[in-house]
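Presented below is the structure to which this report refers.
The values are calculated or read from the model by the stated rules, or taken from the named source; none is laboratory data. Bear in mind that the values here come from a model prediction, so they are computed numbers and not experimental data. Quick reminder, even Gly has a Cβ in these numbers, built from the backbone with ideal geometry, and neighbours come from all protein chains shown. These accessible areas exclude ligands, DNA and RNA; they are computed on the full protein's heavy atoms, side chains included. Shrake-Rupley method; radii C 1.70, N 1.55, O 1.52, S 1.80 Å.
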Amino acid sequence: MRQRKGHETANGLTWAVLTGVLLVLFIALTAVVLSGAADSLDVPVAHFFRPDEAWGAPQDRVAPWLTRLGPVPMFALLAVTCLAVAAWRRSWDSVAFGAVTALSSVVATLLVKAAVARTDPLGGISPDGGSYPSGHMVAIVVSLATCQLVLLPRVRWWCWLLLAVPSGLLAVSLVVTTSHWVTDVVGGVLLSGALVAATTWLCRGYRPRARRPMPEWEPGQQQSRETSSG
């Protein structure tokens, strides 16, 4: 019991440190974006993939992924996963954990978008706010990471690498189509990572835990137990 409590404390400390590191990096990147210094990277990359805003074969190949991996299917996947886990374990903990993570990510993203009010590479501003950070990246990272956290009591390091495959595909699609600046994508990853880490740290009681094995009774213990009960 004491060993398990010590493991949970160490695990909580890891999530707390990760939350702080990602949050500091996000704030630093936001400051760079607000100062305009990020344009030295963002503008050349956008011009490289779409010179004179031209649309070609590379954009045609990756554009469908903007919808396939967009916020609606990603949050739908998260909802279905949390409900399935709740039905399987007969507990609403996974639904509560998923709802807190999803709602906090939506609110935080919209607030930052409104505060920064950054135009996209084509010079426009979407109705939900500015271009920074990318809502697409926030949705996919939050949804896939939370799915792993509610499905697995202990997420192995290689599981996080699998998460990078669809997230990387969406990131490339956003940059190639110039739907977002490069720093918008990076900001979305940092913000979503910080939110997932913070929720996991603060709501550890709502995550599934590994089942402890049943104690094994030795013959001598069983006999003494029957004698005492008699």
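Data table
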| read-out | value |
| --- | --- |
| Scan of segment 102-124 for residues that are open to solvent by less than 40 Å² (accessible area, probe 1.4 Å) and either basic (Lys, Arg) or touching a strand residue (DSSP E or B) at 6+ places or on another chain (Cβ under 6 Å) (or both), ordered by number | Lys113, Arg118 |
| Residue among Gly135, Gly130 that alone is modelled with pLDDT under 95, within 30 Å of Gly36 (Cα to Cα), open to solvent by less than 30 Å² (accessible area, probe 1.4 Å) and not charged (D, E, K, R) | Gly130 |
| Out of Phe75, Phe97, sole residue that is buried (at least 16 other Cβ atoms within 10 Å of the Cβ), among the aromatic types (Phe, Trp, Tyr), touching a residue at least 24 places away in the same chain (Cβ under 8 Å) and more than 25 Å from Val186 (Cβ to Cβ) | Phe97 |
| Residues that are open to solvent by 60 Å² or more (accessible area, probe 1.4 Å) and closer than 14 Å to Thr177 by Cα, drawn from segment 59-72 | Asp60, Arg61, Trp65, Thr67 |
| Residues of segment 53-76 that turn out to be touching a helix residue (DSSP H, G or I) at 6+ places or on another chain (Cβ under 7 Å) and basic (Lys, Arg), as a count | 0 |
| Long-range neighbours under 8 Å by Cβ, at least six apart or interchain, first residue more than 11 Å from Trp181 (Cβ to Cβ) within segment 108-120, second open to solvent by 70 Å² or more (accessible area, probe 1.4 Å) and in a helix (DSSP H, G or I) | Val116/Leu34 |
| Tabulated pairs, segment 148-173, first touching a residue at least 60 places away in the same chain (Cβ under 8 Å), second open to solvent by 60 Å² or more (accessible area, probe 1.4 Å), C-beta under 8 angstrom, 6+ apart or interchain | Leu169/Trp65; Leu170/Trp65; Ser173/Trp65 |
| Conditions (1) modelled with pLDDT of 95 or more; (2) open to solvent by 30 Å² or more (accessible area, probe 1.4 Å); (3) not in a helix (DSSP H, G or I): number failed by Pro153 | (1) |
| Selected residue [open to solvent by 30 Å² or more (accessible area, probe 1.4 Å), within 25 Å of Gly129 (Cα to Cα) and either among the β-branched types (Val, Ile, Thr) or part of a helix (DSSP H, G or I) (or both)] from Leu174, Leu169 | Leu169 |
| Some residue of segment 23-36 being aliphatic (A, V, I, L, M), touching a Gly at 6+ places or on another chain (Cβ under 6 Å) and buried (at least 18 other Cβ atoms within 10 Å of the Cβ) | yes |
